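The values are calculated or read from the model by the stated rules, or taken from the named source; none is laboratory data. From a predicted model like this one, the values you see are computed outputs, not experimental measurements. All Cβ positions, glycine included, derive from the backbone under ideal geometry; neighbour counts span all protein chains shown. SASA here: full protein model, heavy atoms, side chains in, ligands and nucleic acids out. Shrake-Rupley method; radii C 1.70, N 1.55, O 1.52, S 1.80 Å.
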Amino acid sequence: MAKIVFALNQSLDGFVDHMAFQPDPVLFRHFIDDMRGLAGILYGRRMYETMRYWDGDPFEWDAPEREYAAAWQSKPKWVVSRTLTSVGPNASLIEGDLAAAIRGLKAQHEGEIEVAGPELAHSLTELGLVDEYQLYLHPVVLGHGKPFFAGPRPPLRLVASDRIGGQVIRLTYVPA
């Protein structure tokens, strides 16, 4: 059975903004390896549209960017959206009963299915379907933006912490 993991970069004051966090080479390597190990990725519409960047193959990409793109392209992606009518390669729309769809994905797959996006993660948290939270803390204070937790923070228990690269700490929590 797969485990649902919400993992995302976060500022010290609790906000997410993919444009504010440029990973150093060690952290980017971590993300490449992490992507390779996933069973798949769950997206809401906005995060999926942002990540579609990796469906491309711009000539200016360096070798690590090409590696990340290849890993991302190879993974099944499931997109939760009420407005999209189609999605790109290796992606499927989730429509209807969200809880039943996610329980089905968990039963059909092994390993980790990553949730990308705080609003979708909040919905899945409310349904009791997130098994683990990974907060990648960056030494940045944004002062505004979209919070990592889109609603009340669920009761959590810290199970691991590790430093990745020069300045990022990953905190791993499970529901308490």
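Taking segment 145-158 only, how many residues are over 21 Å from Leu120 (Cβ atoms) and either touching a residue at least 24 places away in the same chain (Cβ under 8 Å) or polar (S, T, N, Q) (or both)?
Summing the residues that are over 21 Å from Leu120 (Cβ atoms) and either touching a residue at least 24 places away in the same chain (Cβ under 8 Å) or polar (S, T, N, Q) (or both) in segment 145-158 gives 0.
Might you let me know whether segment 137-158 holds any residue that is closer than 27 Å to Glu110 by Cβ, at pLDDT 95 or above, in contact with a His (Cβ under 8 Å, 6 or more places away or on another chain) and surrounded by 11 or more Cβ atoms within 10 Å (Cβ to Cβ)?
No - not one qualifying residue is present in segment 137-158.
Could you figure out which of (1) buried (at least 16 other Cβ atoms within 10 Å of the Cβ); (2) free of Cβ contacts under 8 Å to residues at least 60 places away in the same chain; (3) of a type in the set (Val, Ile, Thr) isn't true of Ile164?
It is condition (2) that Ile164 fails.
What number of residues within segment 12-30 satisfy the criterion of being within 28 Å of Ile102 (Cα to Cα) and surrounded by 19 or more Cβ atoms within 10 Å (Cβ to Cβ)?
2
For Trp78, are the conditions met, namely being closer than 13 Å to Val115 by Cα and not basic (Lys, Arg)?
Answer is yes for this residue.
On the basis of being free of Cβ contacts under 8 Å to residues at least 40 places away in the same chain, out of contact with any Cys (no Cβ under 7 Å at 6 or more places or on another chain) and either open to solvent by 50 Å² or more (accessible area, probe 1.4 Å) or in a helix (DSSP H, G or I) (or both), does Ala121 make the cut?
For Ala121, the condition - free of Cβ contacts under 8 Å to residues at least 40 places away in the same chain, out of contact with any Cys (no Cβ under 7 Å at 6 or more places or on another chain) and either open to solvent by 50 Å² or more (accessible area, probe 1.4 Å) or in a helix (DSSP H, G or I) (or both) - is not met.
Considering only residues that are small (Gly, Ala, Ser), part of a loop (DSSP other than H, G, I, E, B) and touching a residue at least 40 places away in the same chain (Cβ under 8 Å), look in segment 95-118 and name the one that is surrounded by the fewest Cβ atoms within 10 Å (Cβ to Cβ).
Gly111
When Leu129 is evaluated against the numbered criteria (1) crowded, with 17+ Cβ neighbours inside 10 Å; (2) closer than 18 Å to Val16 by Cα; (3) in contact with a strand residue (DSSP E or B) (Cβ under 6 Å, 6 or more places away or on another chain), which criterion, by number, is the only one it fails?
In the conditions (1) crowded, with 17+ Cβ neighbours inside 10 Å; (2) closer than 18 Å to Val16 by Cα; (3) in contact with a strand residue (DSSP E or B) (Cβ under 6 Å, 6 or more places away or on another chain), Leu129 misses (2) alone.
Could you look through segment 32-47, keep only residues that are out of contact with any strand residue (DSSP E or B) (no Cβ under 8 Å at 6 or more places or on another chain), free of Cβ contacts under 8 Å to residues at least 40 places away in the same chain and charged (D, E, K, R), and pick out the one that is surrounded by the most Cβ atoms within 10 Å (Cβ to Cβ)?
Arg36
Looking at segment 33-45, is at least one residue more than 22 Å from Phe148 (Cβ to Cβ), part of a loop (DSSP other than H, G, I, E, B) and at pLDDT 95 or above?
yes
Can you work out which of the residues in segment 48-59 that are open to solvent by 50 Å² or more (accessible area, probe 1.4 Å) and within 17 Å of Gln22 (Cα to Cα) is farthest from the chain's Cα centre (by Cα)?
The residue in question is Tyr53.
Can you tell me how many residues in segment 48-88 are in a loop (DSSP other than H, G, I, E, B) and of a type outside the set (Ser, Thr, Tyr)?
Result for segment 48-88: 13.
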